[in-house]
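Here the structure is laid out as structure tokens; the discussion comes afterwards.
The values are calculated or read from the model by the stated rules, or taken from the named source; none is laboratory data. What you see is a predicted model; the values in this text were computed from it and never measured. Because the Cβ atoms are built from the backbone with ideal geometry, glycine has one as well, and the counts that use them run over all protein chains shown. Heads up: the accessible areas ignore ligands, DNA and RNA and are worked out on the full protein's heavy atoms, side chains in. Shrake-Rupley method; radii C 1.70, N 1.55, O 1.52, S 1.80 Å.
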Amino acid sequence: MPAHYRNFHNSVPWLILFLEVVFFVIFYFSDYDRDVSSISYPDFQDVNHMVIFGFGFFLTFLKRYRFSSTGFNLLIIVLGVQCSVVIEELLLFLPDWEREDDMRRIVKASLSLTAVIISIGAVLGKTNPVQLSLMTVVEMVAFHMTRWMHTRFLQISDNISMMHVHLFGAYFGLAAASRFSEPLPGSEKNASTPKSDLLSMLGTVFLWVFWPSFNSVIGENKIKAISNTYFALAVSTVTAFMLSALITKDGKFKMTHIHSAVLAGGVAVGYAAHSIKYPWIAMILGLLASVITILGSYCLPRCLNPVLKIHDTSGVHFTFGLPSMLGALAHVVLLVIENWTNIPRLCYLVMIYIWAFFLTMDVALITGFITGFILNLKLFKTIPVSKYFEDQFYWEFPHLAVGY
């Protein structure tokens, strides 16, 4: 193995050790004196299962990158949750930031980490653990500062601010992906198999089951949020199967469509899940989200990505980015409908949420682009294009001779 690769493998444990020492020191001086939590253990368990099992399997569609997809996902989650809680500790020094109970902080850290996992989907198979760890720390800092600006200057509620996580993660990841070299044309490693698609679909099912908890865990009116999320997910799933059968030549279902579009309703309804009064509104939102996801899966890789020279490995743009944009737009439309008789208040609310949207997009794109540039410095042992989507570069394989 060349010295460049040996240096990379030697740097991973030292970086992880350094991060843990930093976490130890900050946690040592932290105050944990609240025994009562506003978050129940079942709610915490649902979010934990969703992030670890759901996203862990969701990204296993590459036929030769399944070990890394699940293994690195777990590593990034446990590092990222600690990092997020540490950032929350440091934010206590800023104005208008209150200390919360431990369970709530861990749950919010897991929710925030969804942004990182979505971003990793855009650069999946092209980054090593050193780059992923750095990306996690930078993105967590950027997302927490964005949320602080939401609550401090725009007076947006905590749960709506958190629902920008999909938007932030998608466009941070796309901006970072623009700085990575595209894979070799026709690379056989950049493909899936029936087994890898099945594992990925298992992750989709986990995400589907626990998404109502994700949208309702930190907000008020949880019952309404759960029911609206469920109906949006149900309709987006039905629409995905319907459209998949309609647009394929032989009328068969395509796993790529189902894998992406069944979750679109849960992403889109997140902004307004607590305030939608009637289930049919959530159902329409789920239908539209599924439609734009499937259309995006056809158009973006063929039209937009080649022009921008972005290789989006997991399709996070149409799986999370477009539905979250639809959700933000739908939230503003619903506010207009509810407050149209009070013009001054209506103008104020519309401007606030539009600013929050563009603030999230701007911070995600700028910090993502800068992070992608930094990750491609030689200091971080950038892997060559020939080693993209390759488990054997990171993991021991005793069965190499049998054909992995």
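Worth pointing out:
- Between the listed residues P301, S40, F23, the Cα displaced farthest toward the positive end of the dipole of the chain, a dipole computed from Cβ unit charges relative to the Cα centre, is found at P301.
- Here r is the Cβ-Cβ distance between F18 and E220 and R0 is 35 Å; the resulting FRET efficiency, rounded to 0.05, is 0.30.
- Solvent accessible area, Å² - L59, 1.4 Å probe, full protein context: 10
- For the set D31, D46, solvent exposure ranked by accessible area (probe 1.4 Å, protein chains only) runs largest to smallest as D31, D46.
- The alpha-carbon of K108 sits under 30 angstrom from the alpha-carbons of these lysines, leaving out residues fewer than 8 places away in its chain: K126, K222, K224, K277.
- Inter-site label distance for F93 and V333 at 7 Å from Cα along Cβ, in nm: 4.5
- About its Cα centre, the dipole of the range 41-381 is roughly 980 debye, where the only charges are +1 on Lys and Arg Cβ and -1 on Asp and Glu Cβ.
- Heavy atoms of R64: accessible area, 1.4 Å probe, square angstrom to 10: 50
- Accessible surface of the range 313-356, 1.4 Å probe: 76 percent of it comes from carbon and sulfur atoms.
- With all protein chains modelled, accessible area of Y348 [1.4 Å, Å²]: 120
- Between L377 and N342, the simple spin-label model (points 7 angstrom out along Cα→Cβ) gives 5.0 nm.
- Counting only GluC sites (Glu not before Pro) that DSSP places in a loop and that have at most 15 other Cβ atoms within 10 Å, the longest clean stretch of the chain runs over 221-395.
- Counting only protein chain heavy atoms and rolling a 1.4 Å probe, the accessible areas of I26, I156, I106, I343 rank, largest first, as I343, I106, I26, I156.
- For the chain, the solvent-accessible area with a 1.4 angstrom probe is 45 square angstrom per residue.
- Comparing L288, H144, Y230 along the charge dipole axis of the chain, the residue lying farthest to the positive side is L288, per the Cβ-charge model.
- Electrostatic tally near K277: other residues with Cβ closer than 14 Å to its Cβ, Lys and Arg +1, Asp and Glu -1, net 0.
- Treating r as the C-beta distance of I26 and L308 and R0 as 41 Å, the FRET efficiency rounds to 0.60.
- Mean residue ellipticity (222 nm) of the chain, computed from DSSP H runs ≥ 4 via -39,500 (n - 2.57), nearest 500: -22000 deg cm²/dmol
- Length gained on full extension, V238 to V350: 37.1 nm, using 0.36 nm per residue less the C-alpha separation.
- Signed unit charges on C-beta, dipole axis of the chain, positive-most listed residue Y353, F210, S244: S244
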